[in-house]
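Below is one structure, written out as structure tokens; the observations come after it.
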Amino acid sequence: GAVVSQHPSRVICKSGTSVKIECRSLDFQATTMFWYRQFPKKSLMLMATSNEGSKATYEQGVEKDKFLINHASLTLSTLTVTSAHPEDSSFYICSAPWAGTEKLFFGSGTQLSVL
Amino acid sequence: KQEVTQIPAALSVPEGENLVLNCSFTDSAIYNLQWFRQDPGKGLTSLLLIQSSQREQTSGRLNASLDKSSGRSTLYIAASQPGDSATYLCAVPGGATNKLIFGTGTLLAVQP
């Protein structure tokens, strides 16, 4: 079945550094990918929708310059947390829809801890 | 604005019990509703998807129902097993079909 690969699974960084998270669709093309953020014991909150070959669409309240999204190919979307701070510590998950269907496949998530 | 709520927030049951998880949504104009499972520190696995025209969907020991008019869905788990322990999330589309709004989740613990 379709798989979405997300890396890294866990990252610990110092405050002020930037962290890149990759999300790849392994056996299907994804023109759209969704990036979610999840705080401990909370639900997933949609941050942005990445679109292959065009600018990402951000949800209200999400800082575009803070969370840079690039969707340069049909199989890869990246989320870069720039100048990370402790409040950015969270679980980030990507998902990609199977083309033309309502089926969504999720990455395994990235736990970001900013010291 | 669509809001999705799940009750209870946490549930602990002994192995073998049947249980029901609840999901409610404020805007009944939905295309579908999905139930997902999330293991600790992991991504999501889709369990069931109910179209707006359907009343229920079944997969193995899982049965999900949908009542659009009342803004409710339930996930019924029969003969629960310790391996069912996880967080269960319901989600409905928000705007675009694949742009999901998730519920608050129910943390299920099945005690052996």
Hits in the stretch A:7-56 - residues which are assigned to a strand (DSSP E or B), charged (D, E, K, R) and within 12 Å of another protein chain (Cβ to nearest Cβ): A:Arg10, A:Arg37
Among residues of the stretch B:39-50, those that are more than 16 Å from A:Val3 (Cα to Cα), within 10 Å of chain A (Cβ to nearest Cβ) and assigned to a strand (DSSP E or B), counted: 1
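Just name the residue that is surrounded by the fewest Cβ atoms within 10 Å (Cβ to Cβ) out of those in the stretch B:43-85 that are of a type in the set (Gly, Ala, Ser) and closer than 14 Å to B:Phe25 by Cα. Break it down into steps so the answer makes sense when it comes.
Step one: filter the stretch B:43-85 for residues of a type in the set (Gly, Ala, Ser), giving B:43, B:46, B:52-53, B:59-60, B:64-65, B:69-71, B:73, B:78-80, B:83, B:85.
Going one step further and asking which of them are closer than 14 Å to B:Phe25 by Cα, we end up with B:52, B:65, B:69-71, B:73.
Working: B:Ser52: 14, B:Ser65: 19, B:Ser69: 6, B:Ser70: 10, B:Gly71: 19, B:Ser73: 27.
Result: B:Ser69.
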Tally, over the stretch A:95-112, of residues that are within 12 Å of the chain's Cα centre (by Cα) and more than 7 Å from every other protein chain (Cβ to nearest Cβ): 4
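With the condition being in contact with a helix residue (DSSP H, G or I) (Cβ under 7 Å, 6 or more places away or on another chain), I'd like the strands (runs of 3 or more DSSP E) fully within the stretch B:60-112 carrying at least 1 qualifying residues. Show your work before the answer.
Numbers: elements: B:62-67, B:72-77, B:86-94, B:96-102, B:106-111.
Once the strands (runs of 3 or more DSSP E) in the stretch B:60-112 are filtered for at least 1 residues that are in contact with a helix residue (DSSP H, G or I) (Cβ under 7 Å, 6 or more places away or on another chain), what remains is B:72-77, B:106-111.
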Given (1) under 18 Å from B:Thr106 (Cβ atoms); (2) among the hydrophobic types (A, V, I, L, M, F, W, C); (3) more than 9 Å from chain A (Cβ to nearest Cβ), index of the condition B:Phe36 fails: (3)
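Readers should treat all values here as calculations from the given coordinates under stated rules, not as data from a laboratory. Computed from a prediction, not measured in an experiment: that's the story for all the values here. Counting neighbours? That spans all protein chains shown, and the Cβs are built from the backbone with ideal geometry, glycine included.
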